[in-house]
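What follows is a short report on a single structure.
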Amino acid sequence: MSVKMCQLTAVLVLLGCAAPATGQSGERLRPLPVGYGSMAQNDLALRIQNDELEIRFVPLDPRVTPLLARDAYQSLHSLVETNRRAIDSVASRAGVARPGLALVSFFGQRPDVRFDPQNITLLIRNSVFRPLGVIPLNAKFNSQQLGVRDQASGLYVFEEEIPVNDSFTLSYGALTSEDWQKKLPTLDRERARISARSRGEPRDTTR
């Protein structure tokens with residue numbers, strides 16, 4: 001191969017490496033506009049349960065919350081902003097600039113169920129993360145006791161952003177869920193739909 005041909009090949013390789021990301025991974029990195037989503041909170045929720053408790057975990061991350069329908073998005077956004085001072089206080093005490101946030105709800109499955117809010121953990125890249133702090137959202141959360149169909153909710157603050165574009169494991173004691181990874185294809189489709197709609201591209205009516 002001539003010297004000129006080698007130089008040309010090297011330039012093409014460099015250009016290829018510098019090209020912007022495309023496809024699903026590229027879509028995940030782009031900020032999403034608000035108001036175009038169609039998903040419900042339940043679509044983002046992870047659930048774990050036994051005969052005493054059902055636990056629902058919703059990541060409050062700006063990379064996924066715009067996938068929600070407008071009312072659902074506004075509800076969660078308002079919840080975070082209303083508690084912003086408490087969230088920032090928890091993060092500041094731990095020296096964390098970009099904490100991970102989640103809305104966690106406990107539901108009683110039988111009378112007089114006790115629960116421990118601090119038992120919620122995340123397994124991220126083989127490291128276990130416990131909450132830096134929890135901000136109670138109702139009195140039931142503080143009592144840590146539930147009756148049948150009672151609900152207790154709190155905002156959880158973690159020292160690291162939740163990897164919503166990858167996988168993680170939710171645990172409560174012996175209960176675990178690795179279902180987030182199964183949600184990624186659905187989230188990617190909704191993300192692509194929102195991106196196309198916000199750019200004014202024709203709507204895909206084949207779905």
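GluC sites (Glu not before Pro) within region 107-207: which are DSSP loop residues with at most 14 other Cβ atoms inside 10 Å? Walk me through the numbers before you get to the answer.
Numbers: sites: Glu159, Glu160, Glu161, Glu178, Glu190; in loops: Glu159, Glu160, Glu161, Glu178.
Of the GluC sites (Glu not before Pro), the ones in loops of region 107-207 whose Cβ has at most 14 other Cβ atoms within 10 Å are Glu178.
Using unit Cβ charges (K, R positive; D, E negative) and no other charged atoms, how large, in debye to the nearest 20, is the dipole of region 78-196 about its Cα centre?
Approximately 160 debye in magnitude.
Label points 7 Å out from Cα along the Cβ direction at Arg189 and Arg93: separation in nm?
4.3
Loop only by DSSP, 16 or fewer other Cβ within 10 Å of the Cβ. Give me the trypsin sites (Lys or Arg not before Pro) in region 120-168 that pass, ordered by residue number.
On the way: sites: Arg125, Lys140, Arg149; in loops: Arg125, Arg149.
Filter output for region 120-168: Arg125, Arg149.
Counting only protein heavy atoms and a 1.4 Å probe, tell me what percentage of region 108-172's accessible area is made up of carbon and sulfur. Display every interim value, and only then the final one.
On the way: 1250 of 3120 Å².
Of all accessible area on region 108-172, carbon and sulfur atoms account for 40 percent.
Using a 7 Å offset from the Cα along the Cα-to-Cβ direction at both Glu178 and Glu159, what is the distance between the two label points in nm, to one decimal?
2.5
The values are calculated or read from the model by the stated rules, or taken from the named source; none is laboratory data. Everything numeric in this text was worked out from a predicted model, so none of it was measured. FYI the Cβ positions are ideal-geometry reconstructions off the backbone, even for glycines, and counts take in every protein chain you see. Please note that ligands, DNA and RNA were not included when accessible areas were found on the heavy atoms of the full protein model with its side chains. Shrake-Rupley method; radii C 1.70, N 1.55, O 1.52, S 1.80 Å.
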